[in-house]
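Only one structure is covered here, and it is reproduced in the block below.
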Amino acid sequence: MKTSKIKSFLTDLFFPKFCFNCGKEGYYLCPDCLSLIDVLEEQYCPICQKRVIDGKTCLGCRSKTRIDGVYSAVSYQNKLIKKLISRFKYRPFIKDLSKTLASLIITHFYLSNKLDFLITEKSILVPVPLAQKKLKLRGFNQSEEIARELSQSLKIPLVNNALIKIKNTQAQTELSKEQRKENIKGAFFCKDKEQVKDKKIFLIDDVFTTGATMEECAKVLKFAGAREVWAITVARE
Ligand SMILES: [Zn+2]
Ligand SMILES: [Zn+2]
């Protein structure tokens, strides 16, 4: 048995998993509960929220954003999704839920028939970074955990050291749409242009709300030479 297998065997033995939704043993989220989550088959414009083809920002909105388009796997209105994301992010967190979250994203691409669009030679995955202070506090970057799972399953390179967050910002959830833009302005920096130059970048985050954070990241990445910047999130508000 490999060391990692022994470790997981022992962990299961002494710290059994229970579904956080129904309590069934053996899973953090059991298949029955997972099946209650509707994965979206369609995409929406990041600016006007109209339904669009192929996740692309609609023609009328293209001049207002640097995001080429957005893919979100599920609606954040789903109660189970809210619970799932909060169990993943907030103490006591179940980090392993990153696998479930990544599987929802992969299912969304599969249902939309867009896996070929995602997996290309130019593709890289870039998680939305956390500021150092926040990272120390939480111990991990939730977006990076999801991106790592996606990278392993889809064989797309993960680039987690090119885009960094250089400003400690207020939590976006407490702010209005306009305040969010102001709050996040100048928060990111690309410290390694070579890694993003000419790439088709998929920015990874947990929830797409107003898109202010993604927009700021896309601005920095395009300035650094990225060819395309697409947003991928587990949920959309
Ligand atoms: Zn369950
Ligand atoms: Zn639009």
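The values are calculated or read from the model by the stated rules, or taken from the named source; none is laboratory data. Quick caveat, the model's predicted, so the values are computed rather than measured. Note: ideal-geometry Cβ built from the backbone for every residue, glycine included; neighbour counts use all protein chains shown.
List the number of the failed condition for L163; all other conditions in (1) at pLDDT below 95; (2) surrounded by 14 or more Cβ atoms within 10 Å (Cβ to Cβ) hold.
In the conditions (1) at pLDDT below 95; (2) surrounded by 14 or more Cβ atoms within 10 Å (Cβ to Cβ), L163 misses (1) alone.
Assuming C48 fulfils every condition listed in (1) in the same structural domain as G211 (by TED's automatic domain parsing); (2) more than 15 Å from ligand 1 (Cβ to nearest atom); (3) assigned to a helix (DSSP H, G or I) apart from one, which condition is it?
All conditions are met except number (3).
Tell me yes or no: at least one residue of the stretch 214-233 is of a type in the set (K, R) and either farther than 28 Å from D54 by Cα or out of contact with any Phe, Trp or Tyr (no Cβ under 9 Å at 6 or more places or on another chain) (or both).
Yes, some residue in the stretch 214-233 is of a type in the set (K, R) and either farther than 28 Å from D54 by Cα or out of contact with any Phe, Trp or Tyr (no Cβ under 9 Å at 6 or more places or on another chain) (or both).
Any idea which of P46, P92, P127 is within 30 Å of N168 (Cβ to Cβ) and out of contact with any helix residue (DSSP H, G or I) (no Cβ under 9 Å at 6 or more places or on another chain)?
P92
Residue by residue, here is whether (1) of a type in the set (A, V, I, L, M, F, W, C); (2) over 19 Å from Y27 (Cβ atoms); (3) in the same structural domain as G139 (by TED's automatic domain parsing) holds:
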site: Y76; (1), (2), (3): no, yes, yes
site: I85; (1), (2), (3): yes, no, yes
site: F93; (1), (2), (3): yes, no, yes
site: T100; (1), (2), (3): no, no, yes
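When the stretch 51-86 is examined, which residues are found to be charged (D, E, K, R) and either within 16 Å of ligand 1 (Cβ to nearest atom) or under 23 Å from K181 (Cβ atoms) (or both)? Lay out the reasoning, then the answer.
Start the filter on the stretch 51-86 by keeping residues that are charged (D, E, K, R), which leaves 51, 54, 56, 62, 64, 66, 68, 79, 82-83.
The answer is K56, R62, K64, R66, D68, K79, K82, K83.
Where the second residue is among the hydroxyl-bearing types (S, T, Y) and not in a loop (DSSP other than H, G, I, E, B) and the first is without any contact (Cβ under 8 Å) to a residue 60 or more places away in the chain and lies in the stretch 121-150, which pairs have Cβ atoms under 6 Å and are six or more apart or on separate chains?
E145/S98; E149/S98
Kindly provide the set of residues from the stretch 135-160 that are of a type in the set (K, R) and either buried (at least 18 other Cβ atoms within 10 Å of the Cβ) or part of a loop (DSSP other than H, G, I, E, B) (or both), ordered by number.
Restricting attention to the stretch 135-160, the residues satisfying the condition of being of a type in the set (K, R) are 136, 138, 148, 155.
Selection gives R148, K155.
Working only within the stretch 26-45, note down all residues that are within 16 Å of ligand 2 (Cβ to nearest atom) and either surrounded by fewer than 12 Cβ atoms within 10 Å (Cβ to Cβ) or among the charged types (D, E, K, R) (or both).
E42
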